Amino acid sequence: MRTLIKTSLKLLFRSKIFWFFLVAAPVLSTFILKTKFDSSAAYTEREDEEILELDDADDKVAYFGGQGEYMLKVYDNAKSEYSEYLLNKLAKSGLVRVCRVKLGDPEKDSGRITDAWIKNRIDKDGYEDRMGAALYLTEEFDAAVKEGRFTDALTVYILSDDPRNDLLESEIRSQLAKIAGTPDPAALDARLPEKHVVSIAGASDRALTDRQVNCKTHIGYAFAFMTLGFVFCGIFVAHTAINEQKNGVYTRVNLTKAGTHTYFLSKLLTTLIVVSLSTGVMGLCTLMLDMDDLGMGRLQFLMMILLMGMIFGSLSMTVGILIGDVMSANVASFTVWCMSALFSGLYFPLKDASAGIKMLSSLMPQKWFLEVTEMIFVRDNSAYVMLLCITAGYLLLTLSFGSLGLKLRRTDEWGDS
């Protein structure tokens with residue numbers, strides 16, 4: 001077996017493209033880890049009881065809606081205490097998600113806020129956006145509400161057949177009646193008990209700070225580059241096996257006492273050595289990083305990199321050997337990397353994804369490595385046991401799949417005696 005491993009390593013070290021992936025992936029990962037950007041807004045839960053401010057009337061509210069949320073787009077030409085009170089009440093009711101665009105900017109809106117302009121905007125919203133309703137607050141909103149002229153104060157445009165439309169209209173009428181009956185609308189809430197929200201985390205919930213969320217995002221992008229390197233390091237080992245198969249080396253090995261399983265094990269150990277080398281390069285690159293900015297220790301980070309490399313390196317090596325063709329093996333391995341990174345949540349959060357996508361995500365190794373990252377952030381000591389179990393499970397699955405595939409190929413094509 002030692003001879004088989006040495007031969008495979010010699011063939012790998014002669015390839016310039018192998019050295020490229022061995023070094024490029026850790027360097028790119030380090031570059032990502034050193035880059036400063038804020039991603040907490042995308043990964044943290046937003047406060048639905050707040051008014052979402054839009055920059056322009058052309059902004060689409062459908063982009064801000066989750067699953068089943070009733071979106072209300074507000075054209076606010078009043079921008080007064082009364083309109084602010086009404087919209088805050090609608091937002092806090094839990095019935096709608098309020099998205100507001102403020103009109104009346106002298107530079108942008110001068111002379112264009114007319115009934116025809118509003119009607120054109122509503123028509124566009126109805127065809128080009130997705131919302132439950134739109135609300136237009138006129139410039140004379142305050143005076144009209146005080147005098148009870150509600151139809152002159154605002155206009156509600158129903159843009160869907162959502163059954164909550166009636167509830168929205170009822171809530172608006174109720175709040176307008178309150179505003180009209182007092183000179184100070186805020187005084188209506190003076191006697192109401194103050195609301196205190198207490199969040200109780202479940203057993204599997206982890207509350208991360210914005211800094212920890214940013215660290216997790218950086219680590220996720222680094223995982224993406226490192227898995228690319230590991231996948232191709234494994235496929236290069238598979239290339240040596242494919243060439244040996246074509247040159248009759250594998251047949252000669254089978255004629256000795258080594259056999260199929262010893263040959264496959266030698267390729268697996270070769271892959272683990274290559275993965276260790278890539279992790280070592282990553283370790284050297286981390287010397288340029290401040291590990292405090294990463295939220296975990298250097299050894300913890302490198303341990304995750306090594307174990308993830310063992311999974312993806314062995315997986316791509318097995319897939320390549322079983323396919324038996326260099327080009328097809330490259331395409332298959334690249335597809336594995338793309339799909340696993342996409343559905344694991346490395347690039348963007350999947351908290352609002354469908355149940356099917358979340359189930360698919362749970363099959364991806366990177367998803368569980370991100371879970372372990374969160375556990376390390378909150379100092380959960382069970383993270384290391386979970387990490388070892390995940391690695392052992394995926395390696396066992398890969399080895400079982402590889403052994404079965406080799407046995408079938410030997411029977412069908414390789415003529416093992």
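The table below lists the values:
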{"quantity": "Nearest-10 value in Å² for the accessible area of C389, using the 1.4 Å probe", "calculated": "90 Å²"}
{"quantity": "Heavy-atom accessible area order for W117, W19, W368, largest first, 1.4 Å probe", "calculated": "W19, W368, W117"}
{"quantity": "Cut-off 15 Å between beta-carbons: net charge of the residues surrounding H239, Lys and Arg +1, Asp and Glu -1", "calculated": "+3"}
{"quantity": "Solvent-accessible surface (1.4 angstrom probe) belonging to K246, in square angstrom, nearest 10", "calculated": "130 Å²"}
{"quantity": "For segment 283-405, alpha-carbon Rg relative to the globular expectation (2.2 N^0.38 Å, N residues)", "calculated": "1.16"}
{"quantity": "Accessible-area ranking of Y157, Y70, largest first, probe 1.4 Å", "calculated": "Y157, Y70"}
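The values are calculated or read from the model by the stated rules, or taken from the named source; none is laboratory data. Bear in mind the structure is a predicted one, so any value in this text is a computation, not a measurement. All Cβ positions, glycine included, derive from the backbone under ideal geometry; neighbour counts span all protein chains shown. Side chains included, ligands, DNA and RNA excluded: accessible areas come from the protein's heavy atoms. Shrake-Rupley method; radii C 1.70, N 1.55, O 1.52, S 1.80 Å.
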